[in-house]
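Report on the following structure.
The values are calculated or read from the model by the stated rules, or taken from the named source; none is laboratory data. All values derive from a computational prediction rather than experimental measurement. Heads up, the Cβs are rebuilt from the backbone with ideal geometry, glycines too, and the neighbour counts pull from every protein chain shown.
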């Protein structure tokens with residue numbers, strides 16, 4: 001069976017819907033892993049990533065239609081359909097759910113607290129309530145984050161290593177983005193101060 005760690009390592013996102021009858025039959029016999037893919041967009045919008053997805057699976061020794069079954073549910077941009085589609089995947093008793101968007105991740109998280117969920121393309125899973133922390137997410141959610149206080153602090157540290165004499169850093173942020181608010185607050189409360197660097201935050205064209 002594919003593990004959560006190996007799945008995350010090899011998975012990118014999105015392939016066309018699988019229609020191989022033999023694979024479904026093999027799954028029912030308990031011979032192959034069963035993955036659910038919950039897409040917020042349409043299959044066509046993910047076309048450029050199809051080969052990357054398949055290549056990742058091949059590197060792990062899995063080929064769709066032979067020794068792995070992937071079921072796809074596409075919201076086609078209608079985000080209100082995601083809870084229903086997530087429930088369908090849970091009802092199919094998939095082994096793991098792939099959620100490559102914040103809305104899909106939230107729908108999957110609300111649908112199950114036992115089936116492992118792999119998230120990609122989610123800015124700050126902590127702010128969204130998908131994880132307790134990046135170091136110890138807890139529950140059944142794993143994956144990658146692209147933003148958040150922990151990551152912003154590390155980026156600032158790297159910037160200091162590249163430019164040791166830097167004293168002032170500008171940050172562009174949007175108040176409507178929860179992950180931006182958390183990250184800016186963390187910087188202002190200690191991360192930047194401990195590195196002796198001034199943070200200048202700007203929103204909507206005005207210095208804050």
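Using the structure shown, decide if residue 119 is in a strand (DSSP E or B), modelled with pLDDT of 85 or more and over 30 Å from residue 198 (Cβ atoms). Working first, answer last.
Numbers: in a strand (DSSP E or B): yes; modelled with pLDDT of 85 or more: yes; over 30 Å from residue 198 (Cβ atoms): yes.
Criteria met by residue 119.
Report yes if residue 76 is in contact with a strand residue (DSSP E or B) (Cβ under 6 Å, 6 or more places away or on another chain) and either at pLDDT 90 or above or not in a helix (DSSP H, G or I) (or both), otherwise no.
On the way: in contact with a strand residue (DSSP E or B) (Cβ under 6 Å, 6 or more places away or on another chain): no; either at pLDDT 90 or above or not in a helix (DSSP H, G or I) (or both): yes.
No.
Under 19 Å from residue 200 (Cα atoms), modelled with pLDDT under 90, surrounded by fewer than 20 Cβ atoms within 10 Å (Cβ to Cβ) and out of contact with any strand residue (DSSP E or B) (no Cβ under 6 Å at 6 or more places or on another chain): which single residue out of 166, 171 fits that description? Break it down into steps so the answer makes sense when it comes.
Numbers: 171 fails: out of contact with any strand residue (DSSP E or B) (no Cβ under 6 Å at 6 or more places or on another chain).
Answer to the check: 166.
Filter region 93-130 down to residues that are over 14 Å from residue 143 (Cβ atoms) and surrounded by fewer than 23 Cβ atoms within 10 Å (Cβ to Cβ), then give me how many there are. Quick ask: steps written out before the conclusion?
Taking region 93-130 as the starting set, the residues that turn out to be over 14 Å from residue 143 (Cβ atoms) are 93-95, 103, 107, 110-114, 127, 129.
Then keep just the ones that are surrounded by fewer than 23 Cβ atoms within 10 Å (Cβ to Cβ); that gives 93, 95, 103, 110-114, 127, 129.
Within region 93-130, residues that are over 14 Å from residue 143 (Cβ atoms) and surrounded by fewer than 23 Cβ atoms within 10 Å (Cβ to Cβ) number 10.
Would you confirm, using the coordinates I've provided, whether residue 26 is more than 18 Å from the chain's Cα centre (by Cα), at pLDDT 60 or above and part of a helix (DSSP H, G or I)?
Details: more than 18 Å from the chain's Cα centre (by Cα): yes; at pLDDT 60 or above: no; part of a helix (DSSP H, G or I): yes.
So residue 26 fails the test.
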